[in-house]
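Novice: I'd like to ask you about the structure that follows.
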Amino acid sequence: MARAGLTTERLIRAGAELADEVGFDQVTVSALARRFDVKVASLYSHLKNSQDLKTKIALLALEELADRGAAALAGRAGKDALTAFANVYRDYARQHPGRYAAAQLRLDPETAAISAGGKHAQMTRAILRGYDLTEPDQTHAVRLLGSVFHGYVSLEMGGGFSHSTPDTQETWSWTLDALDTLLRNRPAT
């Protein structure tokens, strides 16, 4: 019998909090059971195993990011939309490093198809409508933006910019200006 008060949603949220505290790679069903002071077996009515827990945390993170991105994009276009979306991505990674790492988890095709991951590509494509790109340039641009955002955030969070000037916010703004310029001036292929 499941312990009173334990639900799958509560366990996933606690797992996401744990990921932010100790790192996504340290999240296990055992660690979660310790957090609730229960036996591991009592969680198996809600979770199959640690991989199932990690997948569910990844889906939560993708959904949270998509919700924040959609709210930030409302009523914006062009560089304003690009900057708002990029800042959501960066701010989420800084506020929730474990969840951000979870959002990078490679999902099986069936799970990926029902996840919020597709919303991220749709939002990126919505941003790109303000830049008048056609295919295949639009797909290239989606990949470029994802690569730049993830690369910058990963380097910054890993301390890659900590011992240099100018400060990282100045470089982030410069990077977004450069992306905007590139996207506005990209000749059609």
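The values are calculated or read from the model by the stated rules, or taken from the named source; none is laboratory data. All figures in this text were calculated on a predicted structure; none of them were measured in a lab. Reconstructed Cβ throughout: ideal geometry from the backbone, glycine too, with neighbour counts over all protein chains shown.
Novice: Say whether the condition of being assigned to a helix (DSSP H, G or I), surrounded by 14 or more Cβ atoms within 10 Å (Cβ to Cβ), in contact with a Phe, Trp or Tyr (Cβ under 8 Å, 6 or more places away or on another chain) and of a type in the set (S, T, N, Q) is met by at least one residue in segment 80-99.
Specialist: Looking through segment 80-99, none of the residues is assigned to a helix (DSSP H, G or I), surrounded by 14 or more Cβ atoms within 10 Å (Cβ to Cβ), in contact with a Phe, Trp or Tyr (Cβ under 8 Å, 6 or more places away or on another chain) and of a type in the set (S, T, N, Q).
Novice: Among the residues that make up segment 134-150, is at least one of them within 18 Å of Ala77 (Cβ to Cβ) and in a loop (DSSP other than H, G, I, E, B)?
Specialist: Checking segment 134-150: at least one residue is within 18 Å of Ala77 (Cβ to Cβ) and in a loop (DSSP other than H, G, I, E, B).
Novice: Further question: So which residues in segment 147-172 are hydroxyl-bearing (Ser, Thr, Tyr) and within 14 Å of Tyr89 (Cα to Cα), if there are any at all?
Specialist: Hits for segment 147-172 are Ser147, Tyr152, Ser154.
Novice: Something else now. Can you tell me which residue among Ala72, Ala33, Ala86, Ala116 is aliphatic (A, V, I, L, M) and under 20 Å from Thr7 (Cβ atoms)?
Specialist: Of the residues listed, the single one that is aliphatic (A, V, I, L, M) and under 20 Å from Thr7 (Cβ atoms) is Ala33.
Novice: Is there any pair linking a residue in segment 152-172 that is part of a helix (DSSP H, G or I) to one that is modelled with pLDDT under 90 and among the hydrophobic types (A, V, I, L, M, F, W, C), with Cβ under 8 Å and at least six apart or on different chains, and which?
Specialist: Leu155/Phe161; Thr168/Phe161; Thr171/Phe161
Novice: Within segment 17-57, can you find the residues that are of a type in the set (Asp, Glu) and in contact with a Pro (Cβ under 8 Å, 6 or more places away or on another chain)?
Specialist: Asp20, the sole residue that qualifies.
Novice: Also: Gln104 fails exactly one of the following numbered conditions: (1) within 18 Å of the chain's Cα centre (by Cα); (2) closer than 25 Å to Thr171 by Cα; (3) modelled with pLDDT under 90. What is the number of that condition?
Specialist: The single condition Gln104 does not satisfy is (3).
Novice: Under 6 Å between Cβ atoms, which residue pairs at least 6 apart in sequence (or on different chains) link something in segment 59-84 that is modelled with pLDDT of 95 or more with a partner that is surrounded by fewer than 17 Cβ atoms within 10 Å (Cβ to Cβ)?
Specialist: Close Cβ pairs satisfying both conditions: Ala84/Arg76.
Novice: Within segment 154-169, can one find any residue that is over 12 Å from the mean Cα position of the chain (by Cα), of a type outside the set (A, V, I, L, M, F, W, C) and within 23 Å of Ala16 (Cβ to Cβ)?
Specialist: Checked against the condition, which is being over 12 Å from the mean Cα position of the chain (by Cα), of a type outside the set (A, V, I, L, M, F, W, C) and within 23 Å of Ala16 (Cβ to Cβ), segment 154-169 yields at least one hit.
Novice: Tell me, yes or no, whether segment 98-111 has at least one residue that is closer than 24 Å to Asp180 by Cα and aliphatic (A, V, I, L, M).
Specialist: no
Novice: Would you please name the residue that is surrounded by the most Cβ atoms within 10 Å (Cβ to Cβ), looking only at residues in segment 100-110 that are touching a residue at least 40 places away in the same chain (Cβ under 8 Å) and not aliphatic (A, V, I, L, M)?
Specialist: Top of the filtered list is Tyr100.
Novice: State all residues of segment 47-77 that are touching a Gly at 6+ places or on another chain (Cβ under 9 Å) and loosely packed, with under 15 Cβ neighbours inside 10 Å; if no residue qualifies, say none.
Specialist: Within segment 47-77, just Ala77 meets the criteria.
Novice: Follow-up question, since we're still on this one. When you go through Thr7, Thr28 one by one, which is the residue that is more than 17 Å from Thr111 (Cβ to Cβ) and buried (at least 16 other Cβ atoms within 10 Å of the Cβ)?
Specialist: Unique residue meeting the criteria: Thr28.
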